[in-house]
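**Student:** Submitted below is the structure of interest, expressed as structure tokens.
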Amino acid sequence: MSLSPLLHASPVIQLHALIAIAALLLGAMQLWRTKGDRLHRALGRVWVALMAAVAGSGLFIWTIRLWGPFSPIHLLSLLVLVMLWRGVRAARGGNIAAHRRIMQGTYIFGLVITGLLTFIPGRAMYAVAFGPQGATQQKLSVFAALVVAAAVVGLYARRSAKAAG
């Protein structure tokens, strides 16, 4: 593992990665903790701002070009912005079930799954995680173990949140 590929990436990619990591961590905390209190709402506002910044900065990353400078990732960025708006609107309208579903979906698809896709060969995070030699069996095993551990923790948190709420 080396941060060098990220440190040598464009400033937009550096900022995008940093904000995405912050949103990933804060979002996990939001999913884990008590819902509906003042702190949840305050942290939720910060998370929405982080996600909007991640989606917005993603619109200026053009490393994968399928249609001119654009790719399916740009469509995902637009979808995340729409879903954030819908999630906030649902919460303000008192439709908490829709708010929960939209925000959880945005977290899973807009951060977790998309984040895992940044580890495909040729992407900056692949080079960060696996180094210049690329993926070896040992590195892939460690990476897979971390992904599985994160999934288990996430499922446990979801189950705990359902039991509490």
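The values are calculated or read from the model by the stated rules, or taken from the named source; none is laboratory data. The structure displayed is predicted, hence computed values, not measured ones. Ligands, DNA and RNA are excluded from the accessible area calculation, which covers all protein heavy atoms including side chains. Shrake-Rupley method; radii C 1.70, N 1.55, O 1.52, S 1.80 Å.
**Student:** Hydropathy first: keep DSSP H helices in the chain averaging at least 0.0 on Kyte-Doolittle, then drop any whose Cα extent along the axis falls short of 20 Å, and list what survives.
**Tutor:** Answer set is 11-32, 38-58, 72-92, 137-164.
**Student:** Now, a different point. Report the relative contact order of the chain, percent, no decimals, based on alpha-carbon pairs under 8 angstrom and at least 6 residues apart.
**Tutor:** Relative contact order of the chain: 29 percent.
**Student:** Still on this structure, I have one more. Rounded to whole Å and ordered largest first, report the semi-axes of the equivalent ellipsoid of the range 1-159 derived from its Cα gyration tensor (root of 5λ).
**Tutor:** Semi-axes from the Cα gyration tensor: 28, 20, 13 Å.
**Student:** May I ask you to evaluate 6.51 cos²θ - 1.76 cosθ + 1.60, the Karplus curve with θ = phi - 60°, for each residue of the range 129-135 and list the ³J(HN,Hα) values in order in whole Hz, giving x for glycine and proline?
**Tutor:** 3J(HN,Hα) across the range 129-135, in whole Hz: 6, 10, x, x, 7, x, 6.
**Student:** Same structure again: Heavy atoms only, 1.4 Å probe, whole protein assembly: order Trp85, Trp47, Trp32 by accessible area, highest first.
**Tutor:** Sorted descending by solvent-accessible area, the residues read Trp85, Trp32, Trp47.
**Student:** What do you reckon, how do Tyr126, Tyr107, Tyr156 stack up by accessible area (1.4 Å probe), largest on top?
**Tutor:** The ordering from most to least exposed comes out as Tyr156, Tyr126, Tyr107.
**Student:** Heavy atoms only, probe 1.4 Å: what % of the accessible area of the chain goes to carbon and sulfur, would you let me know?
**Tutor:** Heavy-atom surface of the chain belonging to carbon and sulfur, 1.4 Å probe: 72 percent.
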